[in-house]
Every structure is written in C-alpha cells, then in structure tokens.
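Just so it is clear, none of the values below were taken in a lab; they were calculated from the coordinates. Just so it is clear, the structure is predicted and the values come from calculations on it, not from any experiment. In this analysis, Cβ positions are derived from the backbone assuming ideal geometry, glycine residues included, and neighbour counts consider all displayed protein chains.
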Amino acid sequence: SRAQAMEVDGSPDVRYEDIGGLDEQIREVREAVEQPLLAPEQFEEVGIEPPAGVLLHGPPGTGKTMLAKAVANETDATFIKMAGSELVQKFIGEGARLVRDLFELAGEREPAVIFIDEIDAIASKRTDSKTSGDAEVQRTMMQLLSEMDGFDERGEIRIIAATNRFDMLDRAILRPGRFDRLIEVPVPELEGRKRILDIHTAEMPLAEDLDLDAVADLTDGFSGAELASLTTEAGMFAIRDGRTTVEMQDFEDAHEKVSVDGEDSAGTPI
Ligand code: ATP
C-alpha cells in the first residue's frame, strides 16, 4: 500500500515563475529548503542548523502544494507527497508504518522533499480523547515526531507540511527541531490576482477589449485555484459561443457562474 499512500514525482513540473503573488513566500521557502539542500556548507560555516521543517499555512487553493513542488523541482529533488487525511481515513491502522516508510523512501531517493498535506489530520489539538481511532492518530503523529527528532537537518531530505487549519494544530509539532519555520500563504491581493490571471491566461488568445486588471478587480477574495477555474470557465464560454478568442464578457459570465456555484455549495457567496 506504500505506492497508493504516497505520490512520488521524480521531476515535478512546477517552477517558481508559475506561482503568482507569493514572492515573499518563495523567498522564504528557498531560504529554508533550497539553501540547505544546495549549499549546506553555508550553515556549517555560520554554525547554525537550518530549519528542520517548514509549515505552510493558509486557505485552500492558495499555492501551498505548488510551492513544495517548485522547490523540489528547482533543487532536482524527488517530490514525495503524503496526505494526512488519507493516513487517517484510508489507511486506518497503518499510519505509523506509512510514516516510517515515507522517511525510508525519502532516504532511498535523496535529495528529496517530503510534503505532508493536511497535517492537521494527524496533528490536531482535539486528538486527546481515549477513543481507539484517536489513539491510532496519536501513534501516527508520534512516529512523525520521532522521525523528525532523529533527523539530520543538514542532510539531503527536507520536510514541508501544509494546513488550512493552523489554529487546530497541536503545538507540539511546532517546537524547535520540528516544524520550526512557519510560512503563511494567504489569498492573493489585487496585484497577486493580476499576476495569477496573467499566468493562467498565458496560452489563451485574449480579445483586445479584455482587461485583466478589471478581472482582478472583480475577484476580491478569490484564491489562486478559484482564479484558475474562473479562467477555464471563461474559455468554456468562448468555445460555447464558437469563438477562439476570449472576451471580457466571457470572464463576466464566468464570474457570475462561479459566484452562483459558490453560493450553492458553501451557502455564502465567494
Ligand atoms: P489545498 O490547501 O486545497 O491543498 P493548495 O494551497 O495546496 O490547496 P495548490 O494545490 O497549490 O493549492 O493550488 C491548486 C491550483 O490552483 C494550482 O494547481 C494552480 O492552478 C492554482 N493556483 C493556486 N495558487 C496559485 C498561485 N499562487 N499562482 C498560480 N496558480 C495558483
């Protein structure tokens, strides 16, 4: 089941320039993950340990997975992803063993970036009751902590975790030597939305009248993932209308559609 529980990618295809509006976050990830992999001697010379683990936290769809993939790509490291929720829901009773397998695999495939998505599923505050399910989750988390404690910070394996629920996290995982570098990944501001729209329309034939600044204005509160699906929807409207160029009206229709869909599923407008 090791193969099913982990996603292994020898060369993920995300680059830093594919990520919009997160320049500061990219800088921090490079410092905490890329530098120790590419220039460990700098840390030795200065006499400090690099951060043991990086925790990316922020709303869904803001680019956390992209950041982890990009840093693996740019350092030629193997990207190994495991989802905390799957450990708990799909591989019941196997969590601790899978965490052990995860680090073993990373050791075989160094340099490697381990990405643990939805870490809150195995490291949440509420995991303190005596029910058997929670005891199992607890064991999985203890295994993760012990792997990290026995870990060489100057080695060829870097660990990144992500969560949408920072407030729910068990503080034990944030101690020094564990996830001791926190990077917030927020929804994009106006400038970031413009940049993300530029990235996602790079291959799209746009009509003269299309003003991406105006689209960025319309989409306050949208995540990168929502901007990506807005762009796809706009393209769909153009196709439906028999055109190969995408117009402002398509983005307006797409905006209308995703806003209505958002209301339907979440009960509140996007
Ligand atoms: P989740 O918390 O739901 O796992 P995430 O923060 O890891 O989400 P990603 O998986 O990185 O989000 O993003 C999903 C998709 O949304 C990306 O594949 C990309 O198309 C788009 N996207 C999200 N953020 C950005 C961004 N900052 N720049 C460009 N595209 C983005």
Open item on the list: Taking amide H atoms as placed 1.01 Å from N in the peptide plane, list the residues 5 or more away in sequence, or in a different chain, whose amide H sits under 5 Å from that of Val185.
Closed with: His57, Gly58
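Around Pro51, with a cut-off of 11 angstrom between Cβ atoms, what is the net charge of the other residues, counting Lys and Arg +1 and Asp and Glu -1? Display every interim value, and only then the final one.
Working: positive: Arg158, Arg178, Arg181; negative: Glu28, Glu31, Glu49, Glu153, Asp180.
Residues near Pro51 contribute -2 overall.
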TODO: Sort out for me the Cα centre separation of segment 97-113 from segment 151-225, rounded to whole Å.
DONE: 26 Å
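Peptides 214-227, 12-25: what's the order by average Cβ count within 10 Å, highest mean first? Can you show the working numbers first?
Numbers: 214-227: 19.4, 12-25: 17.4.
Highest-to-lowest ranking by the protection proxy: 214-227, 12-25.
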TODO: Take the alpha carbon gyration tensor of segment 92-186, find the square roots of its eigenvalues, order them as a ≥ b ≥ c, and report rounded if a/c is under 1.5; if not, report prolate when a/b exceeds b/c, else oblate.
DONE: oblate
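Looking at the calculated P(r) for the chain, what percent of the C-alpha pair distances fall above 28 Å? Present the calculation step by step, with values, prior to reporting the outcome.
Values: 15478 of 36315 pairs.
For the chain, the share of Cα pairs beyond 28 Å comes to 43 percent.
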Task: Taking segment 1-69 and dividing mean pair separation by its residue count, relative contact order in percent (alpha carbons under 8 Å, at least six apart) - done: 45 percent
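When a/c is below 1.5 the answer is rounded, else prolate if a/b is larger than b/c, else oblate, so apply that to segment 181-270 with a ≥ b ≥ c taken from the square roots of the Cα gyration tensor eigenvalues. Could you put the intermediate results ahead of the total?
On the way: a/c = 2.17, a/b = 1.35, b/c = 1.61.
Since a/c reaches 1.5 but b/c is at least a/b, the shape of segment 181-270 is classed as oblate.
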